[in-house]
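I have placed the structure first, in the form of structure tokens, so that the comments after it can refer back to it.
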Amino acid sequence: MKPTISIVVAIYNRKDELFELLTSLTQQTDKEFEIIIVDDGSLIDLKPTIKNFEQGLDIKYFRKDNSGPGLTRNYGAARAANEWLVFVDSDVIVEKDYIEHIKNDILTIPCDAFGGADKAHKGFNLMQKAISYSMTSVFTTGGIRGSKKAVSKFQPRSFNMGVKKEVFKKVGGFSEMRIGEDPDLSMTLWENGFTTAFFDDIAVYHKRRVDFGKFSKQVYQFGCARPILNQRHPNYVKISFAFPTLFMLGYVMGFLEYFIMGRGIILAFYGLYTFLVLFHALLLTKNISIAGMAVISTYIQMFSYGYGFLKSWILLNVFRMKPEDAFPHHYYKKYRG
């Protein structure tokens, strides 16, 4: 028998994105699934948007006080009827064979949880495509969000993530972390003996942030979260996590070398890196404007993440602060659904 699926969507305000997501779900080749939408205290009314799809989709809608995405997903998972939970962000669009591929992959690739890649839709604007490149490129994240070949052990992310409901319950679902809650869940699964897999045919179109300022704040928070995750899961620490910080510090050293010693050896390496990113982005996108913006978004990502990682590492390891004290906004009280 084919597995049964409940799609869980935690949403806050994103009415237009929700309309696009639900539209893509109405077009599925396999229509046997339910959708759990949990409104995390939105300031706008989402009911009119959902009513447009109630005839064509099996939708359950809940509204609760704001608690952040992780605990909102827990709330939805507790109300799901099927054996597999599939979490997607409210700002994604899925292909028409998304559900069909998930069910087939579950039957052929043994695992307790799975994830897929994200990519840019042809209808995305230039900045969204540039940011998508930065988040999936081998020159930034090592391609961990874009290809199973890039990693030996895949960490599903909550924008496109599935997990057995019974397994999700056994590990307690998403933790009290507001930022980094999805890699935290993946590593918790590993620590409890469960397995994860990458499904290479279930990529979603992820809109992400719409300007460089918001993107910078987002990846800065990701950088702050990583040393916290390293403390929580010391068996899965990698030196590559510190690469953006080393990149940022190296850039500063390059300017010091140039102005103090009159040499530009270090900056020459950054010039080569910039060229490689530009050329690679141009090769993939076939658009010089996107490629140029991809260079900017790549540097924003490396510097913002690198600074967040460095700040967090110093506070946690030099000043010995508790994560909850160093970054109180990264946590919330657990919601008892």
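The values are calculated or read from the model by the stated rules, or taken from the named source; none is laboratory data. Quick caveat, the model's predicted, so the values are computed rather than measured. Please note: Cβ atoms are built from the backbone with ideal geometry, for glycine as well, and neighbour counts cover all protein chains shown. Quick note on the areas: whole protein, heavy atoms, side chains included, nothing else; ligands and nucleic acids left out. Shrake-Rupley method; radii C 1.70, N 1.55, O 1.52, S 1.80 Å.
At a glance:
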| read-out | value |
| --- | --- |
| Options 138, 88: the member that is of a type in the set (A, V, I, L, M), crowded, with 22+ Cβ neighbours inside 10 Å and within 18 Å of the chain's Cα centre (by Cα) | 88 |
| Single residue of the stretch 180-220 satisfying the filter (in contact with a Ser or Thr (Cβ under 9 Å, 6 or more places away or on another chain) and under 21 Å from residue 245 (Cβ atoms)) that is surrounded by the most Cβ atoms within 10 Å (Cβ to Cβ) | 219 |
| Neighbours by Cβ (under 7 Å, 6+ apart or cross-chain): first from the stretch 234-248, farther than 20 Å from residue 191 by Cα; second open to solvent by less than 70 Å² (accessible area, probe 1.4 Å) and at pLDDT below 95 | 240/142 |
| Any hit, the stretch 79-91, residues being farther than 23 Å from residue 330 by Cβ, touching a helix residue (DSSP H, G or I) at 6+ places or on another chain (Cβ under 7 Å), part of a loop (DSSP other than H, G, I, E, B) and among the acidic types (Asp, Glu) | yes |
| Residues that are surrounded by 14 or more Cβ atoms within 10 Å (Cβ to Cβ) and either in a helix (DSSP H, G or I) or among the basic types (Lys, Arg) (or both), drawn from the stretch 262-273 | 266, 267, 270, 273 |
| Residue among 290, 300, 296, 314 that is in a helix (DSSP H, G or I), modelled with pLDDT of 95 or more and touching a Lys or Arg at 6+ places or on another chain (Cβ under 7 Å) | 290 |
| The stretch 316-337: number of residues that are touching a residue at least 40 places away in the same chain (Cβ under 8 Å) and either open to solvent by less than 40 Å² (accessible area, probe 1.4 Å) or under 19 Å from the mean Cα position of the chain (by Cα) (or both) | 7 |
| Flag for residue 177 being of a type outside the set (Phe, Trp, Tyr), open to solvent by less than 10 Å² (accessible area, probe 1.4 Å) and modelled with pLDDT of 90 or more | yes |
| Single match in 279, 259, 247 (criterion: assigned to a helix (DSSP H, G or I) and either touching a Phe, Trp or Tyr at 6+ places or on another chain (Cβ under 8 Å) or surrounded by 13 or more Cβ atoms within 10 Å (Cβ to Cβ) (or both)) | 247 |
| Criterion violated by residue 100 - all others in (1) farther than 23 Å from residue 4 by Cα; (2) open to solvent by 60 Å² or more (accessible area, probe 1.4 Å) satisfied | (1) |
| Enumeration of residues in the stretch 40-51 that are of a type outside the set (A, V, I, L, M), assigned to a loop (DSSP other than H, G, I, E, B) and open to solvent by less than 20 Å² (accessible area, probe 1.4 Å) | 41, 42 |
| Residue that is surrounded by fewer than 19 Cβ atoms within 10 Å (Cβ to Cβ) and within 19 Å of residue 173 (Cβ to Cβ), where the choices are 83, 95, 54 | 83 |
| Number of the condition not met by residue 36 [criteria: (1) without any contact (Cβ under 8 Å) to a residue 60 or more places away in the chain; (2) out of contact with any strand residue (DSSP E or B) (no Cβ under 8 Å at 6 or more places or on another chain); (3) among the hydrophobic types (A, V, I, L, M, F, W, C)] | (2) |
| Selected residue (criterion: surrounded by the most Cβ atoms within 10 Å (Cβ to Cβ)) from residues of the stretch 108-133 that are more than 14 Å from residue 196 (Cα to Cα) and of a type in the set (Phe, Trp, Tyr) | 133 |
| Filter result (open to solvent by less than 10 Å² (accessible area, probe 1.4 Å), touching an Asp or Glu at 6+ places or on another chain (Cβ under 8 Å) and not in a loop (DSSP other than H, G, I, E, B)) within the stretch 1-39 | 5, 6, 7, 9, 11, 21, 24, 34, 35 |
| Check on residue 231, closer than 21 Å to residue 313 by Cα, modelled with pLDDT of 95 or more and part of a helix (DSSP H, G or I) | yes |
| Any hit, the stretch 141-163, residues being under 16 Å from the mean Cα position of the chain (by Cα), over 21 Å from residue 21 (Cα atoms) and at pLDDT 95 or above | no |
